[in-house]
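Asks: Here's a structure for you.
Just so it is clear, none of the values below were taken in a lab; they were calculated from the coordinates. Quantities reported herein were computed from a predicted structural model and do not represent experimental measurements. So basically every Cβ, Gly included, is an ideal-geometry build from the backbone, and we count neighbours across all protein chains shown.
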Amino acid sequence: MGRKKLVDQRQVEILDAFERCLLQYGLEECTLERVAQEAGKSRNIIRHYIGNRDDLIAAFVERILIRIKQVAADILENTPKQKLVPNVLNFLFQERTANDPPDLGERMLGGMWRIREQSLLTQQALLNFYKEFEKILTDGLSRLYPKVPVEKCQEVAYSIICLAETNWVLGSVGVDNSHTHMVRRSAEYLLQSLENGPLDV
């Protein structure tokens, strides 16, 4: 096996182990020791192929972003135009009950929010995540509404992300997530503001 393939394989194995730990214990409890044990490797191996815990978080954020890009690309490229907006909103505003376990993204983002003041790298990773997510949504809206100025699409994209994130934060502290449909309706109003301009149909 070539050197690069070995590095790639080890990094995948370590990130897979980190993901399993994240789902089981939450971000705060994902220590290098626990990840190393889950991966069946030493802490020195983790440090050699990824780095310290902050580097591990940053690498995993990049993995999550790649997944989001893949989902976004699939929605944008394979969804009929008339179904595009509902599919995007379904992705951002999933109604959940109090009994639903947190998914991977919720555990990751929630943990990053809680530890962000302890780590500048975690703050930067969180910032990069939201900037990239805003860009993905802005690009999607620009494709859907090609005659609307990009700046307007960016305003709406950022506002929708704020709605989705606030809805998630409030749900994570116990606010009834059955209100998600109301937040989604607000996002629909924002999208309707883009429809006021001329569109290519």
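Asks: Using θ = phi - 60° and the Karplus form 6.51 cos²θ - 1.76 cosθ + 1.60, what ³J(HN,Hα) does each residue of the range 81-88 get, whole Hz, x for Gly and Pro?
Replies: 4, 5, 9, 5, 4, x, 5, 5
Asks: Reachable lysines from LYS135, Cα under 29 Å, same-chain residues fewer than 8 places away excluded?
Replies: Excluding near neighbours in sequence, the set is LYS69, LYS81, LYS83, LYS147, LYS152.
Asks: Take the Cα pairs of the range 1-51, get the Kirkwood Rh, then feed it into Stokes-Einstein at 4 °C and 1.567 mPa s and tell me D in µm²/s.
Replies: On the way: Rh = 10.9 Å.
Translational diffusion coefficient: 119 µm²/s.
Asks: Evaluate the relative contact order of the range 1-51 (contact order divided by residue number), counting alpha-carbon pairs under 8 angstrom at least 6 apart; express in whole percent. Can you show the working numbers first?
Replies: Details: 32 pairs, mean separation 18.6, N = 51.
Contact order relative to length: 36 percent.
Asks: Next question. If packing is taken as the average count of other Cβ atoms within 10 Å, what order do 148-158, 5-15 fall into, highest mean first? All intermediate terms of the calculation are to be shown ahead of the outcome.
Replies: On the way: 148-158: 16.5, 5-15: 14.5.
Taking the mean over residues of other Cβ atoms within 10 Å, the ranking is 148-158, 5-15.
Asks: Okay, moving on. From Cα coordinates alone, what are the radius of gyration and Dmax values for the range 1-101 in angstrom?
Replies: My reading of the Cα-based Rg and Dmax gives 17.4, 52 Å.
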